[in-house]
Structures are given as structure tokens and as C-alpha cells.
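The structure appears right after this line, and notes come after that.
The values are calculated or read from the model by the stated rules, or taken from the named source; none is laboratory data. Being a predicted model, the structure only gives us computed values, none of them experimental. FYI the Cβ positions are ideal-geometry reconstructions off the backbone, even for glycines, and counts take in every protein chain you see.
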Amino acid sequence: MSDSKNKGIEFRNISKRYGSDANAPLAVKGISFTVPKGTLTTILGPSGCGKTTTLRMIAGLEAPTGGQIFIDGVEVTTLGPAERNVSMVFQSYALFPHMNVLANVAYGLSVSGVNKTETKQRAHAAMATVGLTGFDERLPSELSGGQQQRVALARALVLEPAVLLFDEPLSNLDARLRHSMREEIRTLQQRLGLTVAYVTHDQSEALAVSDQIIVMDHGVIAQAGTPHDLYERPGSEFVAGFMGEAMLFDGASAVDGSVRLGPITLPRTQAQVLAAGKVKVAVRPEAWQVLPPGAGELAGTVEKSAYLGSFHEYTFATELGAIFVVSTDVERVWKPGDVVSLRLAGHGLSVVAA
């Protein structure tokens, strides 16, 4: 198998401008990336960053203004959706309300001219894959949100696509169901070896399901890498602030590479090599240790305290400003007004250019 065939999806310098005005702003600005075959890549970013436009260009629902798109090593830039062997699961599920589950799942095969016997066999197999055996006669209105999501997934899988696309697939589900469905999607993707591009604005969802995360900002790729890379080693202030609940502080980098954050010398910066001078320090809420007065480097006073079962959330007033902390030490509870000291652990820290 050639190297290009191992690239399930490949974008080469893709741009997208809406409308015919050559001076109109670009929604996507010359981006290049690869989704390796059999892996899941999440395109993550705030509203308006270009992530859905990018997904629609993979599907063939939007034509790029410039650049080339390849699927399984074959250029598909000018091909329509039906010619790409791509299936898409939409945010709204887009089920046919008058059709039962079996008919919804089988629809794509029926209109493709597959014979009735094979259509039914493949539809039942896809339904079994997503846990819908026995739901043949149910209508979408008789299903829960999670079951409707499974129907949409089975309808996409039954076509045996080279590439499966998800557009905010879990945003209509409640928090508990979102958690279980993202695990199901990830398990299914790995078991079937699917090539998946997945769009979300939810960082925890992206961290949970992805082999690769592409963070977009205003039509460009801010950073791409593994979930661990982006969380622990963000390359910019934007990525650090977007990947989780990092707080950004003004710090100073010394000639020897150490970084000072107020009275604290960082124990391990995981920083890119930065010139001496002003830097930004991104600190995750779980990076702080809460200690008795005098045991840490930074004095603080508890302003807010909330118990959430397996952890506590605190807000401390400090010389660096208000600091939000998540502590898994549920034995020791600090109450508003308590004086404490804070110390930074060696994880959940990153240093980026100011």
C-alpha cells in the first residue's frame, strides 16, 4: 500500500471563500492536514473558526476555493458527495420521521440500487453493531435521543464508507448520555478501523475520542497533535486557553530557562524554548496543591468552596489575582475565609510566548 493510501483524508493548502467577491474574507485560509487511515481526528474550535466548513468540504457539500482534497490517495476535490464514499452523521440526526428504524437505516442502500435481501441483511448488521437489534418497526418519535443517535450512526455505517464524518453529534444529548455515546463512538471506530473526522466545540469530548486534535482559529490551524500534546504542550496562548480551563498568568523567563510566576519558580515548565523576557504561563485548575499556611510558595485566602463528590472546587484570592483550583483531596476541606498556601505540581503547566 502506498503512503498516500495510508492517508485516509488529506487537505493540501485548502481555502474557502463564500460568494463570488474576490475581496470577501476567507472562511478557511490555506490549511493542510492529514487524517491517517483508521484513526479519528477531531476538528476543534469556537463558533465561526471554520471547522464545520472544513467538514463539509471533506463531504463534498462545499467546494473549496483553492487547494486539493484526497481520500484514500485519490483526489476528490471536484467530486460530488455521492462520488466520495463518505457518510456524515449530522447534529440534528436528520431521520425520516415517517420511516421506521429499519427503513431509515436501509435508505441509502435502497436508493443505491442494492437488492432488497442484501439491503435488509446489511441494515440488520449495522443495527446490531450499534445495539438496535429488535428496533425494526419503531418510529423516530418513539425513540430516545440516544437511540435516534444510534439510528443515524447505523444509517451512516451501513454504506461501508471510506470516511465517516461527525458534525457536533452529541450536542443534543444530556450530559450523562453524551459521556456514554462518545465512548461508544470511540469503541466502534477502533473496532471497525474507521477513518473518522469529528467536529466539536467541546474540549473534553475531543480529548476523550481523538487520536489527533486539530484546533482551528479564524480559518487557520492554531495547532495539531495528540490530545496529550495539546493539553500539556499548547503552542500558543489561544490553544492553552481553549484546551480545558487553563488560567493565563503573566510570567518572566530568565536567561537560564527558568520561569518566575510572582513568588513561584516553576518546577518544570514543559515550555518551548523561549527568549528571556515576558511570557504567559497557562495553569490548569488541577495543577495547584492546597497546603496549610507557609507550606507552599503562594499565600491565598479561600473566597469560594464547592463540594462536587469526588473533588472540591475552590477560588482563592492571591497576589496573582483570583485562582480557580480543583482539588481531589476530599478529606481536607477549606472554608471561605481560611488562609492557605498554594504550590504548583509538575503537571498541568505550560509556558507560551506573551
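Have a look at Glu232, Glu205, Glu237, Glu245 and point out the one that is over 26 Å from Leu344 (Cα atoms) and acidic (Asp, Glu).
One residue alone meets the criteria, Glu205.
For segment 318-354, which residues satisfy the criterion of being farther than 21 Å from Gly244 by Cα and surrounded by 15 or more Cβ atoms within 10 Å (Cβ to Cβ)?
Scanning segment 318-354 gives Thr318, Trp334, Asp338, Val340, Ser341.
Look through segment 126-151, keep the residues that are among the hydroxyl-bearing types (Ser, Thr, Tyr) and part of a loop (DSSP other than H, G, I, E, B), and return whichever of them is farthest from Met181 (Cα to Cα).
Only one residue tops the list, namely Thr133.
For Val196, indicate whether it is under 28 Å from Asn85 (Cβ atoms) and touching a residue at least 60 places away in the same chain (Cβ under 8 Å).
Answer is yes for this residue.
For segment 168-207: of the residues being aliphatic (A, V, I, L, M) and modelled with pLDDT under 85, which is surrounded by the most Cβ atoms within 10 Å (Cβ to Cβ)?
Leu170
Here is a list: His201, His228, His218. Which entry is in contact with an Asp or Glu (Cβ under 9 Å, 6 or more places away or on another chain) and not aliphatic (A, V, I, L, M)?
Of the residues listed, the single one that is in contact with an Asp or Glu (Cβ under 9 Å, 6 or more places away or on another chain) and not aliphatic (A, V, I, L, M) is His201.
Quick check on my filter: what residues within segment 275-287 are buried (at least 20 other Cβ atoms within 10 Å of the Cβ) and farther than 17 Å from Phe324 by Cβ?
Val279
Considering Ser110, Ser47, Ser32, which residue is of a type outside the set (Lys, Arg) and part of a strand (DSSP E or B)?
Only one candidate passes the filter, namely Ser32.
Please determine, by comparing only the residues of segment 315-349 that are among the hydroxyl-bearing types (Ser, Thr, Tyr) and over 11 Å from Glu286 (Cα atoms), which one is farthest from the chain's Cα centre (by Cα).
Ranking the qualifying residues of segment 315-349, first place goes to Ser341.
Yes/no per residue for (1) within 31 Å of the chain's Cα centre (by Cα); (2) closer than 22 Å to Ser171 by Cβ:
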| site | (1), (2) |
| --- | --- |
| Val76 | yes, no |
| Met88 | yes, yes |
| His98 | no, no |
| Gly108 | yes, no |
| Ser112 | no, no |
| Glu118 | no, no |
| His124 | yes, no |
| Met127 | yes, no |
| Gly131 | yes, yes |
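Can you find a residue that is touching a residue at least 12 places away in the same chain (Cβ under 8 Å), within 21 Å of Lys37 (Cα to Cα), buried (at least 18 other Cβ atoms within 10 Å of the Cβ) and in contact with a helix residue (DSSP H, G or I) (Cβ under 8 Å, 6 or more places away or on another chain) anywhere in segment 89-101?
yes
Restricting to segment 170-182, count the residues that are outside any helix (DSSP H, G or I) and out of contact with any helix residue (DSSP H, G or I) (no Cβ under 7 Å at 6 or more places or on another chain).
2
Could you give me the residue pairs with C-beta distances under 6 Å whose first residue belongs to segment 208-236 and is assigned by TED's automatic domain parsing to the domain that holds Ala27 and buried (at least 18 other Cβ atoms within 10 Å of the Cβ), whose second residue is at pLDDT 95 or above and small (Gly, Ala, Ser) wherever it lies, and which are 6+ apart or on separate chains?
Ile214/Ala224; Val215/Ala222; Pro227/Ser210
Filter segment 232-261 down to the residues that are under 14 Å from Gly277 (Cβ atoms) and not hydrophobic (A, V, I, L, M, F, W, C) and list them by number.
Those that are under 14 Å from Gly277 (Cβ atoms) and not hydrophobic (A, V, I, L, M, F, W, C): Asp250, Gly251, Ser253, Asp256, Gly257, Ser258, Arg260.
In segment 183-229, how many are more than 11 Å from the chain's Cα centre (by Cα) and in a helix (DSSP H, G or I)?
Adding up the residues that qualify gives 12.
Could you tell me which numbered condition Val290 fails, if it satisfies all but one of (1) crowded, with 19+ Cβ neighbours inside 10 Å; (2) closer than 15 Å to Pro263 by Cα; (3) of a type in the set (A, V, I, L, M)?
The single condition Val290 does not satisfy is (2).
Does Glu160 satisfy the criteria of being at pLDDT below 90, of a type in the set (Asp, Glu) and outside any helix (DSSP H, G or I)?
Yes: the conditions hold for Glu160.
Scanning for something free of Cβ contacts under 8 Å to residues at least 60 places away in the same chain, out of contact with any strand residue (DSSP E or B) (no Cβ under 8 Å at 6 or more places or on another chain) and in a strand (DSSP E or B), does segment 69-76 turn up at least one residue?
Among the residues of segment 69-76, at least one is free of Cβ contacts under 8 Å to residues at least 60 places away in the same chain, out of contact with any strand residue (DSSP E or B) (no Cβ under 8 Å at 6 or more places or on another chain) and in a strand (DSSP E or B), which makes the answer yes.
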